[in-house]
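Below is one structure, written out as structure tokens; the observations come after it.
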Amino acid sequence: MTGGNTKILLIGFGNPARADDGLGPALAEEIESKNIPDVTVETDYQLTIEDSTQVAQHDIVIFADASVNCAEPFTFQIVEGKQTDNFSTHSVEPAEVMALAENLFKSKAKGYILGIRGYEFEQFEEKLTKKAKINLQKAAGFLENLLKTKNFNKIEQTAACS
């Protein structure tokens with residue numbers, strides 16, 4: 001999917017009060033400051049079932065979160081809707097949000113997850129580590145370019161980027 005009036009939703013989630021867990025919201029804040037046309041930016045502590053309503057109103061959704069074990073500096077992968085047997089409204093994964101949007105609202109949105117490598121998640125402090133800030137800047141540069149060009153076809157062929 002490329003070009004034109006493609007409506008894109010970026011959801012940055014995580015807890016900024018737990019050090020690098022705030023990478024998702026920090027990325028969302030960075031991208032929002034760019035005012036990229038046709039891009040809606042949201043932040044939250046965690047995904048909820050209500051996010052499926054917004055997903056259904058967009059062509060593409062990107063979930064951005066910190067990761068404790070992804071490749072440095074970040075990964076970018078396709079995420080498809082998947083229902084699970086152990087569903088909880090307190091812990092909803094991107095694949096579950098996509099499945100809800102598909103099943104409840106007949107959404108055809110394409111989903112991606114951007115995992116930014118973090119290192120410290122046990123500190124109760126609103127401060128990203130030095131290495132996480134570097135990863136954040138690399139992820140923000142990648143995502144800004146992708147959102148401006150809307151060249152998602154290339155991403156679908158490679159399936160992952162770090």
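The values are calculated or read from the model by the stated rules, or taken from the named source; none is laboratory data. The structure presented is a predicted model; accordingly, all values stated were derived computationally and were not measured. All Cβ positions, glycine included, derive from the backbone under ideal geometry; neighbour counts span all protein chains shown.
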### Residue count for region 44-63, restricted to those that are of a type in the set (A, V, I, L, M, F, W, C) and assigned to a strand (DSSP E or B)
4
### Summary
Filtering region 95-106 down to residues that are among the small types (Gly, Ala, Ser) and in contact with a strand residue (DSSP E or B) (Cβ under 9 Å, 6 or more places away or on another chain) yields Ala95, Ala101
#### Entry: Filter result for Asn35 (surrounded by fewer than 21 Cβ atoms within 10 Å (Cβ to Cβ) and within 18 Å of Leu143 (Cβ to Cβ))
yes
### Query
So, of the residues in region 57-75 that are surrounded by 18 or more Cβ atoms within 10 Å (Cβ to Cβ) and charged (D, E, K, R), which turns out to be nearest to Pro37 (Cα to Cα)?
Asp59
### Task
Out of Ser52, Ser33, report the one residue that is over 17 Å from Leu147 (Cα atoms) and among the polar types (S, T, N, Q).
Ser52
### Task
Could you tell me which numbered condition Lys82 fails, if it satisfies all but one of (1) within 20 Å of Lys106 (Cβ to Cβ); (2) at pLDDT 95 or above?
(2)
### Task
Residue by residue through region 1-26, note down the ones that are closer than 21 Å to Ala109 by Cα, within 13 Å of the chain's Cα centre (by Cα) and not in a strand (DSSP E or B).
Gly24
### Query
So, in region 110-119, of the ones that are touching a residue at least 60 places away in the same chain (Cβ under 8 Å) and of a type in the set (A, V, I, L, M), which residue ends up farthest from Val79 (Cα to Cα)?
Ile116
### Test: residue in region 124-144 that is more than 25 Å from Lys34 (Cβ to Cβ), in a loop (DSSP other than H, G, I, E, B) and out of contact with any Ser or Thr (no Cβ under 7 Å at 6 or more places or on another chain)
yes
